[in-house]
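Below is one structure, written out as structure tokens, with a few remarks after it.
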Amino acid sequence: MATNETDRPVLLRNGLVLTMDDAHTVLTGGDVLVVGDRIAEVGVGLTAPDGALEIDASDGIVMPGMIDTHRHMWQTAMRGYGADWTLTQYFVWYYLESGKLFRPEDIYAGNLLAAIEAIDAGVTTTVDWSHGLQTPQHADAAVDALEAVPGRFVLAYGNIQQGPWEWATSPDFRDFVQRRLAGRGDMLGFQMAFDVTGDPAFPERAAFEVARELGVPVTTHAGVWGATNDDGIRLMHENGFMTPGTVYVHAATLTRDSYNRIAATGGSVSVSTESEQSAGQGYPPTWQLRHHGIPVSLSMDTSVWWSGDLFSAMRSTLGADRSREHLEAHGRQETITHCHLRAEQVVEWATRGGSRALGLDDVVGSLTPGRKADVVLIKNDASPVMFPILHPYGHVAFQAQRGDVHSVLVNGRLVKHEHRLVGVDLDGARREVERTVEHLLDSMGRDAFDKGMNPDIPETKVLDNPYTYTEWDAGSAQWKR
Ligand SMILES: [Zn+2]
């Protein structure tokens, strides 16, 4: 393991380089040179500057850091607890019953672990869709954690315990923005996170007006079955609050009219395929978005159910899109002979899709000289899965996984090297999270804690079978009855 904290240049040497630049240039035996916080050069046979740290990228893939545009990082403190939930159970647990139990230190714990998990998995930019910010102390804790980990983050400020027209207009919120977010540059971005219920009185107007005044993009759960629908989109559009910077999360249960409004105003959709597939917001919408020309980025939503792993996002998104395309065709008695959605496209969504959605496309998203150096090396010499690499994009989407993330740079700093995190206090994060789990257990009591984790299973009706059970008798060569 090495570190370049002293501003030592880093040269990733002799890898298969997926630049994700506009031409999608791919270099075989390529080098990426990082000097300071930027990508200095991308090419073949580059000369290492004096004192450079060389990383052997042979048999590996070098690509831009991945970007997750929607993650409720605070919920990572309860990792896996909701594995068997539906969206209804999630709402009951966080919004109604237990969300209020989270103290500022619990927000800190979840954010800290999620932030570490992100950089470990090669996710160099993460939007923290932080809707557990009940007080300014909670918000401070969220940012404290993001600043304690050397990743690139965007705080999407939210609070499910109040209407957005309440928290967004409060002096506390203004003060927080001034103290913690103003002028933080591209390492800590800022969005406002709230949902639009479709109430014809449109009470969310006040929050949109604050966002407009502050010049901050809004990110909103849109097209979520049973929660948000076309009315919310229509109200946003009719009132002039749909902008190119708006990020619509899920956008799964919407009609063509809403997709047209999103496309016409230049916004993008954050698709959380694993989430949509099991929670029930609606079918993962990429198969629709492609037809409307709506830009896509990828996200994992929350580790209370799923992973924080964008390889998984790419894989599940390819599967869901193709599955839907086949299913729709079979309904018309037709056969799909060629897939529309390609592995290359989901790698683009996991990188450039995110940088464009966040207004960071001239900063990160591709391995282009002059951009900030957020770089991932996928390489695992001990794995039988890392050769042959024939289809580089397919290899990233379907073969690689986060255990294969060998090295990661964020803003030119080496944060993971030879499969080990650099300068990260994982034990400290473990202790923080243990305290949160203990607090939740104590506050809820063991029974409620266990019940929350293990929802009842509805009965499955086993259908009548006209065939009776039989057993083959080898002696008589007949079915026994
Ligand atoms: Zn969400």
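Below is a table of values for the structure above.
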quantity: Condition met for T135 (away from the ligand (no atom under 16 Å from the Cβ) and surrounded by fewer than 17 Cβ atoms within 10 Å (Cβ to Cβ)); calculated: yes
quantity: Residue check for A142: assigned to a helix (DSSP H, G or I), within 16 Å of the ligand (Cβ to nearest atom), crowded, with 24+ Cβ neighbours inside 10 Å and touching a residue at least 40 places away in the same chain (Cβ under 8 Å); calculated: yes
quantity: Filtered residues of the range 399-411 (kept if within 27 Å of I389 (Cα to Cα) and either in contact with a strand residue (DSSP E or B) (Cβ under 6 Å, 6 or more places away or on another chain) or among the aliphatic types (A, V, I, L, M) (or both)); calculated: A400, D404, V405, H406, S407, V408, L409, V410
quantity: Residues satisfying the stated conditions in the range 446-479, i.e. of a type in the set (S, T, N, Q) and in contact (Cβ under 8 Å) with a residue 24 or more places away in the chain; calculated: N454
quantity: Test: T228 is touching a residue at least 12 places away in the same chain (Cβ under 8 Å), more than 20 Å from H291 (Cα to Cα) and of a type in the set (S, T, N, Q); calculated: yes
quantity: Residue within the range 358-368 that is under 18 Å from G267 (Cα atoms), in a helix (DSSP H, G or I) and not aliphatic (A, V, I, L, M) present; calculated: no
quantity: Boolean, V249 is buried (at least 24 other Cβ atoms within 10 Å of the Cβ), touching a strand residue (DSSP E or B) at 6+ places or on another chain (Cβ under 7 Å), among the aliphatic types (A, V, I, L, M) and not in a helix (DSSP H, G or I); calculated: yes
quantity: Test: residue in the range 178-187 that is among the small types (G, A, S), surrounded by 19 or more Cβ atoms within 10 Å (Cβ to Cβ) and assigned to a loop (DSSP other than H, G, I, E, B); calculated: no
quantity: The range 293-348, residues that are of a type in the set (D, E) and either within 16 Å of the ligand (Cβ to nearest atom) or over 19 Å from R402 (Cβ atoms) (or both); calculated: D301, D321, E325, E328, E334, E344, E348
quantity: Out of R371, R352, R342, sole residue that is over 19 Å from the mean Cα position of the chain (by Cα), crowded, with 20+ Cβ neighbours inside 10 Å and at pLDDT 95 or above; calculated: R371
quantity: Test: residue in the range 89-100 that is touching a Phe, Trp or Tyr at 6+ places or on another chain (Cβ under 8 Å), on the phi < 0 side of the Ramachandran plot and aliphatic (A, V, I, L, M); calculated: no
quantity: Total residues in the range 102-124, condition in contact (Cβ under 8 Å) with a residue 40 or more places away in the chain and part of a helix (DSSP H, G or I); calculated: 14
quantity: Test: R256 is over 21 Å from N229 (Cα atoms), out of contact with any Cys (no Cβ under 9 Å at 6 or more places or on another chain) and at pLDDT 95 or above; calculated: no
quantity: The range 194-225, subset of a type outside the set (A, V, I, L, M, F, W, C), within 24 Å of the chain's Cα centre (by Cα) and farther than 17 Å from I262 by Cβ, residue farthest from the ligand (Cβ to nearest atom); calculated: G215
quantity: Selection from the range 17-42 of residues that are in a strand (DSSP E or B) and at positive phi; calculated: G29
quantity: Test: residue in the range 383-405 that is among the hydroxyl-bearing types (S, T, Y), in a loop (DSSP other than H, G, I, E, B) and under 15 Å from P64 (Cβ atoms); calculated: no
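Rundown of residues vs (1) out of contact with any Asp or Glu (no Cβ under 8 Å at 6 or more places or on another chain); (2) crowded, with 23+ Cβ neighbours inside 10 Å; (3) under 21 Å from M192 (Cα atoms), yes/no style:
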residue: G240; (1), (2), (3): yes, no, yes
residue: T255; (1), (2), (3): no, no, no
residue: A264; (1), (2), (3): yes, no, no
residue: S268; (1), (2), (3): yes, yes, yes
residue: E276; (1), (2), (3): yes, yes, no
residue: P284; (1), (2), (3): no, yes, no
residue: P295; (1), (2), (3): yes, no, yes
residue: S312; (1), (2), (3): no, no, no
residue: D321; (1), (2), (3): yes, yes, no
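This table checks each residue for (1) touching a residue at least 40 places away in the same chain (Cβ under 8 Å); (2) within 16 Å of the ligand (Cβ to nearest atom).
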| position | (1), (2) |
| --- | --- |
| L11 | yes, no |
| D31 | no, no |
| M63 | yes, no |
| G80 | yes, no |
| A83 | yes, no |
| T88 | yes, yes |
| K100 | yes, no |
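The values are calculated or read from the model by the stated rules, or taken from the named source; none is laboratory data. All figures in this text were calculated on a predicted structure; none of them were measured in a lab. Neighbour counts are summed over all protein chains in view; Cβ atoms, including those assigned to glycine, are modelled from backbone coordinates with ideal geometry.
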